[in-house]
Structures are given as structure tokens and as C-alpha cells.
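Enquirer: Can you keep this structure in mind? I'll have questions shortly.
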Amino acid sequence: MEHTGSLFTHDSMATLLPESGVGIAVVTNTGMVSGDDAPLIVDGLVDLARGKTPVRQAPFTGTADPALAGLTLLALGLAVGGVLRADRWARRNARGPLRTGLRLAPYELPVLFFFGLADLFGLLMRRAGTLEQITYVWPALFVWSAVTALAATAVLAARGTALFRMGRSRADGAERDAAASTDRLGQGASPMG
């Protein structure tokens, strides 16, 4: 006989073993995100109470955290590459504001994801939560989403700066060309050549 309970930041499970008169209660501070911690611990304790060797089981976050660490490093690497190649990107992709804006729009998604993370968790878990609670409950997810949002922001800033410099350079060049043409006209050169 068992019963479970979950809050955003805590998870619990109680089990009664009527045949042996043993009762087991476990409360973890891992919460609903990795809500398999309490049941895994209870399963091991039930095995011990029955004289069996517990089966070693890894919680969900034991698998997910290394994957998020890899994704965090990937986001950092891609951001460094995006920042370093911003000038080249600007030269290739400055084909009107709408097209350029559409090319940059996907970089806003990690930022929106990060700031909407608490609402997303609330929707999925059917409980209200805060970004601070997510930091406590699943630090690896918080770090990955924060680093990815910062990386995307850095790439957006670098590309925006490169586009601005390129536009400014073109405007300065056009002004120089116009001034040179005016100088030639002023010196008696024929505008026709």
C-alpha cells in the first residue's frame, strides 16, 4: 500500500508493508521535475525491508543533467562562433530589413524560453512556480536555459552591431562618392565624362 505527493519543490512517498509491519516514508527536496527520486528510494528501502538487494536505479535528472551540460557547452561554442563571424554574416545577409529580421528572429526563442520557463513549468505541472524555484529544483535546466539565452543575446548584439557598422560604412562611402563627384564638377570636369 503506497501513496505519493508532489509539490513544485518537494516530492514524497509513503509505503506500508502489511506482511512485515514496516512503514516507510520518504520526502525529497527534488520536486516534481525529477519526481522519481522518492519512489526510487522507497523501492530500494522496500527491497531492504524484504531482505533483498536493492536494484540500483538512476533518477531522471541523472540522465538529463549530463545531456543539459553538453547542450550548455554546445550553446557556448555556437555563440563564440556566431560572435566571431558576425561581420561576415552581416555582409552576406544584409538584404533588406524584413529578410534580415526574419534571419535573426530564431535567436529570440532561447530568450523567450528562459523568461517563460516558470510559466511553462506551471502549465505542465499544473502548479504555479517561479524561476527561483526552478533554479532550486533543477539547476542544470536553469543553467542551460540561462546560458543559451545569454549566448543568443550575444550573437544578436554582435550581428546587430555588425549590420549597423556596415550600414554606416556604406553611408559614409556614399557621402565620399557624392563629395568626390561634386569636386570633379567644381573643377570643370564634364558630368558626362
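Yes or no, residue by residue, for (1) touching a Ser or Thr at 6+ places or on another chain (Cβ under 7 Å); (2) farther than 21 Å from Gly62 by Cα:
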{"position": "Gly116", "(1), (2)": "no, yes"}
{"position": "Pro139", "(1), (2)": "no, no"}
{"position": "Trp144", "(1), (2)": "yes, no"}
{"position": "Ala154", "(1), (2)": "no, yes"}
{"position": "Gly160", "(1), (2)": "no, yes"}
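Enquirer: Same structure, new question: Given the conditions (1) open to solvent by 60 Å² or more (accessible area, probe 1.4 Å); (2) not in a loop (DSSP other than H, G, I, E, B), report the number of the one that Ala151 does not fulfil.
Expert: Only one criterion in (1) open to solvent by 60 Å² or more (accessible area, probe 1.4 Å); (2) not in a loop (DSSP other than H, G, I, E, B) is unmet by Ala151, namely (1).
Enquirer: I would also like to ask the following. Please state which of the following conditions Val26 fails to meet, knowing it meets all the rest: (1) of a type in the set (Val, Ile, Thr); (2) touching a Ser or Thr at 6+ places or on another chain (Cβ under 7 Å); (3) in contact (Cβ under 8 Å) with a residue 60 or more places away in the chain.
Expert: (3) is the only condition that Val26 fails.
Enquirer: Do you know which residues across segment 41-58 are among the β-branched types (Val, Ile, Thr) and open to solvent by 40 Å² or more (accessible area, probe 1.4 Å)? Show your work before the answer.
Expert: The initial filter retains those residues of segment 41-58 that are among the β-branched types (Val, Ile, Thr), namely 41-42, 46, 53, 55.
Of everything in segment 41-58, those that are among the β-branched types (Val, Ile, Thr) and open to solvent by 40 Å² or more (accessible area, probe 1.4 Å) turn out to be Ile41, Thr53, Val55.
Enquirer: In the set Leu112, Leu120, Leu163, which member is of a type in the set (A, V, I, L, M), in contact with a helix residue (DSSP H, G or I) (Cβ under 9 Å, 6 or more places away or on another chain), farther than 30 Å from Leu17 by Cα and touching a residue at least 40 places away in the same chain (Cβ under 8 Å)?
Expert: Details: Leu112 fails: touching a residue at least 40 places away in the same chain (Cβ under 8 Å); Leu120 fails: touching a residue at least 40 places away in the same chain (Cβ under 8 Å).
Checking each option against the conditions leaves just Leu163.
Enquirer: Check segment 166-182 and report whether any residue there is within 30 Å of Leu68 (Cα to Cα) and either at pLDDT below 90 or among the aromatic types (Phe, Trp, Tyr) (or both).
Expert: Within segment 166-182, not a single residue is within 30 Å of Leu68 (Cα to Cα) and either at pLDDT below 90 or among the aromatic types (Phe, Trp, Tyr) (or both).
Enquirer: Out of everything in segment 130-145 that is open to solvent by less than 20 Å² (accessible area, probe 1.4 Å) and of a type outside the set (Val, Ile, Thr), what residue ends up being farthest from the chain's Cα centre (by Cα)? It would help to see each step written out before you state the result.
Expert: Within segment 130-145, the first condition is being open to solvent by less than 20 Å² (accessible area, probe 1.4 Å), and the residues that meet it are 134, 137, 141, 145.
In the following step, the residues that additionally are of a type outside the set (Val, Ile, Thr) were identified as 141, 145.
Values: Leu141: 8, Ser145: 2 Å.
Here the answer is Leu141.
Enquirer: When segment 4-19 is examined, which residues are found to be touching a Gly at 6+ places or on another chain (Cβ under 7 Å), at pLDDT below 85 and either open to solvent by 30 Å² or more (accessible area, probe 1.4 Å) or of a type in the set (Phe, Trp, Tyr) (or both)?
Expert: Within segment 4-19, Ser6, Leu7, Phe8, His10, Ser12 qualify.
Enquirer: If you don't mind, another one. Would you point out the residue of segment 59-104, among those that are without any contact (Cβ under 8 Å) to a residue 12 or more places away in the chain and assigned to a loop (DSSP other than H, G, I, E, B), that is surrounded by the most Cβ atoms within 10 Å (Cβ to Cβ)?
Expert: Looking at residues that are without any contact (Cβ under 8 Å) to a residue 12 or more places away in the chain and assigned to a loop (DSSP other than H, G, I, E, B), I get Arg85.
The values are calculated or read from the model by the stated rules, or taken from the named source; none is laboratory data. Everything numeric here is computed off the predicted structure, so don't read it as measured data. When we count neighbours, we look across all protein chains shown, and the Cβ atoms used for this are built from the backbone with ideal geometry, even at glycine. Note: areas computed on protein heavy atoms with side chains; ligands, DNA, RNA excluded. Shrake-Rupley method; radii C 1.70, N 1.55, O 1.52, S 1.80 Å.
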